Each structure stands twice: as structure tokens, then as C-alpha cells.
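Engineer: Structure below; questions to follow.
The values are calculated or read from the model by the stated rules, or taken from the named source; none is laboratory data. Predicted model, so just to flag it, every value in this text is computed and none were measured. Don't worry about glycine lacking a Cβ; one is built from the backbone with ideal geometry, like all the others, and counts go over all protein chains shown.
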Amino acid sequence: MKENVIDVLLYLFENYIDTENSHQPDKDTLELELERVGFHELEINKALNWLDTMTVVAPQVDTSAVSIRVFNDNEIEKLDVQCRGYLLFLEQVGVLDVETREVVIERVLALESEEVDLEQLKWVVLMVLFYQPGREVAYAWMEDLVFEDMEAVVH
């Protein structure tokens, strides 16, 4: 049985959110399908709530001054050094801006898992970019990064 909220989110993203199909099932139909493929009701509800709050608006951050992001203890506990470094990399290459980075961190903390690995972080970044208006180019770039990494693992 699949038990992780991020697994539910990935299933939804791959099968419904990022598709050309304009037909989206209603919530009840979606819940039944998720249960049918093996997800638990609690994890389904958490994932759907997580998506419902995806429209979180990025906090207003003063970007005129040069600053360094200091992670608090909860963030350090959830995001290891590799994940924090990857967020910095994405910001340096322009995939994430300061505001979107903060939304990603907020969404990672909302997952309620003990720790998020780099692969999971990449998917969260992809989902956040998908929902952020005006971030289509960054989304396409991140999508290439995620799927290139998946191809490298397969081959």
C-alpha cells in the first residue's frame, strides 16, 4: 500500500494536473480512484488539502537588498544540506525567485513528513511553479530538470 502524501500528490500531478486533458474528475470520483489504486483515505485527504492551499501567494520580500536566507530549525530538520543547496542553486539560475522559494519552503513544511529528499523537493518545486502565475518559463525549465534526472535513472 502507498502511504505517503507526496506519492498521492505525484500521482495526481502526473495523471491530472499537468496534462492536456481538459476533463477533470470531481473530488468524489478522484477520491475513489485514489483509493482504488491503493492510497489510504487519510493520505488522500491530506494531499487534496495540500493542493487546495497551493494557491498560497508568495510573501512580499524586499528583493532590493542583497541578503542570505537563513533556515530555521524546522526547515533544517525537514530539508537536508543537499535540498537546501538545491534551492540555492535554483534561485541562482533564476528558476526560483525569492518569493517562490518561500512558497516552496512553506509547501515542503506543509507535507507533514519528517524529511523530504531531493527528488521529492524537485517535484514540490515543479508543482509550486505550475501554480504560480507568470512562472511558465521557470516551470518548463524545472520540468526539463526533473524529467532529465528521471531518464538518467532509467538508463
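Engineer: Does residue 141 satisfy the condition of being assigned to a helix (DSSP H, G or I), surrounded by 17 or more Cβ atoms within 10 Å (Cβ to Cβ) and within 16 Å of the chain's Cα centre (by Cα)?
Structural biologist: No: the conditions fail for residue 141.
For (1) modelled with pLDDT of 90 or more; (2) more than 25 Å from residue 143 (Cβ to Cβ), each residue gets a yes or a no:
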site: 15; (1), (2): no, no
site: 18; (1), (2): no, no
site: 23; (1), (2): no, no
site: 28; (1), (2): no, yes
site: 31; (1), (2): yes, yes
site: 34; (1), (2): yes, no
site: 40; (1), (2): yes, yes
site: 45; (1), (2): yes, yes
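Engineer: Separate question: List every residue pair whose Cβ atoms lie under 8 Å apart, where the two residues are 6 or more positions apart in sequence or sit on different chains, the first residue falls within segment 70-88 and is touching a residue at least 40 places away in the same chain (Cβ under 8 Å), and the second residue, located anywhere, is of a type outside the set (Lys, Arg).
Structural biologist: 79/71; 79/87; 79/105; 79/108; 79/115; 79/116; 79/121
Engineer: Right, here's the next one. Residue 146 - would you say it is of a type in the set (Val, Ile, Thr), modelled with pLDDT under 90 and closer than 21 Å to residue 11 by Cα?
Structural biologist: Yes; evaluated as a whole, the condition is true for this residue.
Engineer: Which residues, counting only those in segment 72-105, are of a type in the set (D, E, K, R), in contact with a helix residue (DSSP H, G or I) (Cβ under 9 Å, 6 or more places away or on another chain) and part of a helix (DSSP H, G or I)? Steps first, please.
Structural biologist: Within segment 72-105, the subset of a type in the set (D, E, K, R) is 73, 75, 77-78, 80, 84, 91, 97, 99, 101-102.
Next, from what is left, pick out any that are in contact with a helix residue (DSSP H, G or I) (Cβ under 9 Å, 6 or more places away or on another chain): 75, 78, 80, 84, 91, 97, 101.
Scanning segment 72-105 gives 75, 78, 84, 91, 101.
Engineer: Can you pull out every residue in segment 112-137 that is at pLDDT 90 or above and aliphatic (A, V, I, L, M)? Steps first, answer last, please.
Structural biologist: First pass over segment 112-137, keeping only residues at pLDDT 90 or above: 116-129.
116, 118, 121, 124, 125, 126, 127, 128, 129, listed by residue number.
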